[in-house]
1. Would you confirm, using the coordinates I've provided, whether residue 63 is in contact with a helix residue (DSSP H, G or I) (Cβ under 6 Å, 6 or more places away or on another chain), surrounded by fewer than 17 Cβ atoms within 10 Å (Cβ to Cβ) and modelled with pLDDT of 95 or more?
2. Answer yes if at least one residue in region 145-155 is closer than 24 Å to residue 15 by Cβ, outside any helix (DSSP H, G or I) and touching a strand residue (DSSP E or B) at 6+ places or on another chain (Cβ under 9 Å), and no otherwise.
3. Can you pull out every residue in region 173-188 that is in contact with a strand residue (DSSP E or B) (Cβ under 9 Å, 6 or more places away or on another chain) and under 12 Å from residue 155 (Cα atoms)?
4. Just one of (1) within 20 Å of residue 200 (Cβ to Cβ); (2) in contact with a helix residue (DSSP H, G or I) (Cβ under 7 Å, 6 or more places away or on another chain); (3) in contact (Cβ under 8 Å) with a residue 60 or more places away in the chain trips up residue 147, so point out which.
5. Of 16, 38, 62, which residue is part of a strand (DSSP E or B) and within 14 Å of the ligand (Cβ to nearest atom)?
6. Would you be able to say whether some residue in region 75-83 is within 19 Å of residue 4 (Cα to Cα), surrounded by fewer than 16 Cβ atoms within 10 Å (Cβ to Cβ) and within 16 Å of the ligand (Cβ to nearest atom)?
Ligand code: GTS
């Protein structure tokens, strides 16, 4: 059986939660870099259903949209809870992650120099809903077992700690959640890999 393939830029970006999930689940995958730019524009981009990557290739099945990929892998590797209510809670938090990731992406690519201070000032109001949702768990989003959404929430917190290193200091549940996920052996395996260490977070180098 062929290995899964992630087609993306050589970046953490929107592929990092997917990679961490796969490494932790012990799933071997191959990585295809869409660059150089001419190759991206003329070869890869026209192949992408929405003109953007990441793309996951699983045999003859191809899927774009990072959150659809995470959900697909969640179903495939039993990381989607065990009832429709649990799945919905994972979905809800993942959608919250997407909202904040969207704002982060606008900051990074459109307004970093002028917008960073205001973004960091407004961050507590954006993080508080996650703190409220996570404060009763001593484990992960659904309790003891990781879901696809945990990989995404962890990555979101992780990139915000780089942007604003003290941003979790007033959110004890999120702070301990971040370190709990970070300490997981599979997450450590990904983070100790040369591939992870060599990657920028974002295409323009801002973080
Ligand atoms: N909603 C999409 C998803 O979640 O996958 C957005 C994907 C997206 O914005 N991809 C960017 C891209 O392909 C790269 S990154 O923002 O994830 O770093 N950009 C290149 C282009 O030509 O649009």
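The values are calculated or read from the model by the stated rules, or taken from the named source; none is laboratory data. All values derive from a computational prediction rather than experimental measurement. Don't worry about glycine lacking a Cβ; one is built from the backbone with ideal geometry, like all the others, and counts go over all protein chains shown.
1. The answer is yes for residue 63.
2. Yes, because at least one residue in region 145-155 is closer than 24 Å to residue 15 by Cβ, outside any helix (DSSP H, G or I) and touching a strand residue (DSSP E or B) at 6+ places or on another chain (Cβ under 9 Å).
3. 177, 181
4. (1)
5. The conditions single out 62.
6. no
To keep it simple, each residue is scored yes or no on (1) within 16 Å of the ligand (Cβ to nearest atom); (2) at pLDDT 95 or above; (3) surrounded by 15 or more Cβ atoms within 10 Å (Cβ to Cβ).
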position	(1), (2), (3)
101	yes, yes, yes
111	yes, yes, no
118	no, yes, no
134	no, yes, yes
163	yes, yes, yes
173	no, yes, yes
